[in-house]
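Everything below concerns the one structure shown next.
No value in this document is a laboratory result; all are computed from the given coordinates. Because the structure is a prediction, the values reported are computed rather than measured. Backbone-built Cβ (ideal geometry, glycine too); neighbour counts: all protein chains shown.
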Amino acid sequence: MASSRDDGSSSSNNNNNYDDDALTHLEMLCRMAEMNLALIVAEHDVDLSTAHSSNTIYVLELDAGERAAGGRVAGFGSRRFKMVHCFRLEGGRCVERYHEGYNYTCTGTGTGTGGGAGADSDVEIGYIARLPVRLSDGSEVMASCSIDAYTVSLLNSKFGIV
């Protein structure tokens, strides 16, 4: 199920002038992160309510299948991710730059969704906290996030995003 989209299209049918499809998909993934079904890794705090924001946002969907928790106790252990998404917000545009099914394992500490990278990867996710994510309508959800520009640059390198 590997595919990517970087057509740069935008739509003026919403208040932010963001691409409706990409923005709707990103908001759905943010709601999954609110339910601890995904992890958000972003350069800056996530605010989809303004077209003036510039941000690269990764959303790692958790594998919620049987034994997916990997023996985690009190936030320690590992989590597997089944899908990686990358969105870019810039100049009033929201573009999904990358999405691919991926078997990615994170281990370490945090609020229960991972911390460091597993044996198949050299990307350290870092500390994860429940942080507010502002949606396009101004409402907020509390989601599992790691706000770290350095980690985003490592993920960009890992997935070949320039």
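Descriptive notes on the structure:
- Ordering of 134-145, 87-98, 28-39 by packing [mean C-beta count within 10 Å, highest first]: 87-98, 28-39, 134-145
- Proximity of backbone amide H atoms, modeled 1.01 Å from N, is registered between residue 38 and 33, 62 at under 5 Å, excluding neighbours fewer than 5 places apart on the same chain.
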